[in-house]
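To keep things clear, I will list the structure first and then write my remarks on it.
Laboratory data are not the source of any read-out in this text; all were calculated from the coordinates shown. Being a predicted model, the structure only gives us computed values, none of them experimental. Positions of Cβ are backbone-derived with ideal geometry, glycine not excepted, and every protein chain shown enters the neighbour counts.
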Amino acid sequence: MPDNTYQTKVYTKQGGDEQVIANGGKQTVESGGAVEIADVGGLKVNSKKIADTFFVTSVLDGAAAATAANYGVFFIAPFACEVVSVRENHTTAGSDAGAVTLDVEKLTGTQASGAGVAVLGATKINLKGTAETVQAPALTATTANKQLAIGDKLNLLDAGVLTAVAGVAVTVELARL
């Protein structure tokens, strides 16, 4: 006689379009096996969609931010992605009489710093702005300037005299394409 109290912990729902792993159940992928997900868009953990974005941060500690040679490439794209936002904070504002700004630049191939395209819009990061205040400048409206192919780079491009600038941190949010 069958055991009517037995409840499988891994089963396919009626209709066959959903597999359920109940409390206490598990799926095991053995050596040589794989799970392939065509689109991360539907992947969830605890009913929350896994973020399609990731963050890259470049930090120039203390007085290192006052030296132009310390700015440069800080990210090389391992896969196609697009810049979603840029945020910056500095601990000490620049004191030079002229403008002191910072741009995020996309470099392709063998392009050197200054030869790429701007990721930020017309308003750049103001390194003379109030210290300890996060700036989130608008991005360029040109989509191609925000999209990176495998091997493209993001570069910090400073302009002006960096006198007294200290503690610069730039965080870029990117989305996989």
Report summary line: Residue by residue through the range 168-174, the couplings from Karplus 6.51 cos²θ - 1.76 cosθ + 1.60 with θ = phi - 60°, in Hz, x for Gly and Pro, are 8, 10, 10, 10, 10, 9, 10
Query raised in the report: Which entry is the computed volume of the Cα convex hull per residue in Å³ for this structure: [x] 127; [y] 106; [z] 191?
Result: [z]
Requested in this report: List the relative contact order of the range 53-176 as a percent without decimals, with contacts defined as Cα pairs under 8 Å and 6+ residues apart.
Outcome: 50 percent
Report summary line: Over the chain, the sum of -39500 (n - 2.57) across DSSP H runs of at least four, divided by residue number and rounded to 500 deg cm²/dmol, gives at 222 nm -500 deg cm²/dmol
Requested in this report: Could you pull out every residue, at least 5 positions away or on a different chain, whose amide H is within less than 5 Å of the one on VAL100? Hs are placed 1.01 Å off N in the peptide plane, and Pro or chain starts have none.
Outcome: LEU127, LYS128
**Report entry** Rounded to whole Hz, the Karplus (6.51, -1.76, 1.60) HN-Hα couplings of the range 132-149, x for glycine and proline
**Finding:** 6, 10, 5, 9, 9, x, 5, 8, 4, 7, 7, 3, 4, 6, 9, 8, 10, 8
Query raised in the report: Between GLU36 and SER85, what length comes free when the chain is fully extended (0.36 nm per residue of separation minus the Cα-Cα distance, one decimal in nm)?
Result: 14.7 nm
Query - Formal net charge of residues neighbouring LEU157 (Cβ-Cβ distance under 10 Å; K, R +1; D, E -1) - result: -2
Query raised in the report: Taking amide hydrogens as modeled 1.01 Å from N in the peptide plane, which residues meet the under 5 Å criterion relative to VAL84, leaving out close sequence neighbours?
Result: GLU173, LEU174, ALA175
Query - Inter-site label distance for ALA112 and ALA63 at 7 Å from Cα along Cβ, in nm - result: 2.8 nm
Report summary line: Counting sequence-distant residues (5 or more places) and residues on other chains, those with an amide H built under 5 Å from that of VAL73 are LEU156
Query raised in the report: What is the sum of charges around THR91, taking Lys and Arg as +1, Asp and Glu as -1, for the other residues whose C-beta is under 10 Å from the C-beta of THR91?
Result: -2
Query raised in the report: In sequence order, what are the phi-derived ³J(HN,Hα) couplings for the range 160-167 according to the Karplus relation 6.51 cos²θ - 1.76 cosθ + 1.60 with θ = phi - 60°, rounded to whole Hz, with x for glycine and proline?
Result: x, 8, 7, 3, 6, 4, 8, x
Query - Local net charge near SER113, Cβ-Cβ under 10 Å (Lys/Arg +1, Asp/Glu -1) - result: -1
Query raised in the report: Gain in length, VAL134 to VAL56, computed as 0.36 nm per residue apart minus the alpha-carbon separation, to one decimal in nm?
Result: 26.5 nm
